[in-house]
1. Please go through region 41-54 and give me each residue that is of a type outside the set (A, V, I, L, M, F, W, C), surrounded by 14 or more Cβ atoms within 10 Å (Cβ to Cβ) and assigned to a helix (DSSP H, G or I), ordered by number.
2. Starting from region 18-32, keep only residues that are farther than 9 Å from ALA49 by Cα, then list their pairs with residues that are in a loop (DSSP other than H, G, I, E, B) and open to solvent by 80 Å² or more (accessible area, probe 1.4 Å) whose Cβ atoms are within a distance under 7 Å, requiring at least 6 positions of separation or different chains.
3. Residues to consider are ARG38, ARG72; find the one that is out of contact with any Phe, Trp or Tyr (no Cβ under 9 Å at 6 or more places or on another chain), closer than 14 Å to ARG7 by Cα and either open to solvent by 40 Å² or more (accessible area, probe 1.4 Å) or not in a helix (DSSP H, G or I) (or both).
4. List, please: which pairs have Cβ atoms under 6 Å, are six or more places apart or on different chains, and start with a residue in region 87-113 that is touching a residue at least 40 places away in the same chain (Cβ under 8 Å) and end with one that is of a type in the set (Gly, Ala, Ser) and assigned to a helix (DSSP H, G or I)?
Amino acid sequence: MVVRVIRLGSERSADEGIRIGTVRRPPRGVPKSEFASRNWYDVWFPNLAPSLETMKIAQKATTPAQWTAFVRKYRAEMAEPEHAHAIALLASLSNQTDFSVGCYCEVEAHCHRSVLRELLRAQGADIADAAHA
């Protein structure tokens, strides 16, 4: 059993399990009834998305120092109890069932899901290799 860190909207793998959207906002122009059928997500879980302020820092980051500032701020947000408990829960669930978490960003290295991958791993999550996610 594993958690896959994926790009929302991408084709699903057969063993991906439930797809959890860890994004601040739902996809634009897509009826809620079609989120799952269009490969966005089955469940929306914005609790693990960066705050609006932090998301803006990531979107504007063009240098390694700016990206590091985003990572530091996002990690601080995820260290707050409600977020830390959610990460611990998902890490534990990854040892029992297959599921995926994701965001819309095209490049994982410049997306909060790269940090979320690290946070889940640090909590003991069984994470699928990025090449097979």
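The values are calculated or read from the model by the stated rules, or taken from the named source; none is laboratory data. Since this is a predicted model, take the numbers as computed values, not measurements. Here the Cβ positions follow ideal geometry from the backbone for every residue, glycine too, while neighbour counts run over all protein chains shown. Protein only, heavy atoms only, side chains kept; ligands, DNA and RNA dropped before computing areas. Shrake-Rupley method; radii C 1.70, N 1.55, O 1.52, S 1.80 Å.
1. Scanning region 41-54 gives a single hit, THR54.
2. Qualifying pairs under 7 Å: VAL30/ARG38.
3. Checking each option against the conditions leaves just ARG38.
4. From residues that are touching a residue at least 40 places away in the same chain (Cβ under 8 Å), the pairs are GLU108/SER114.
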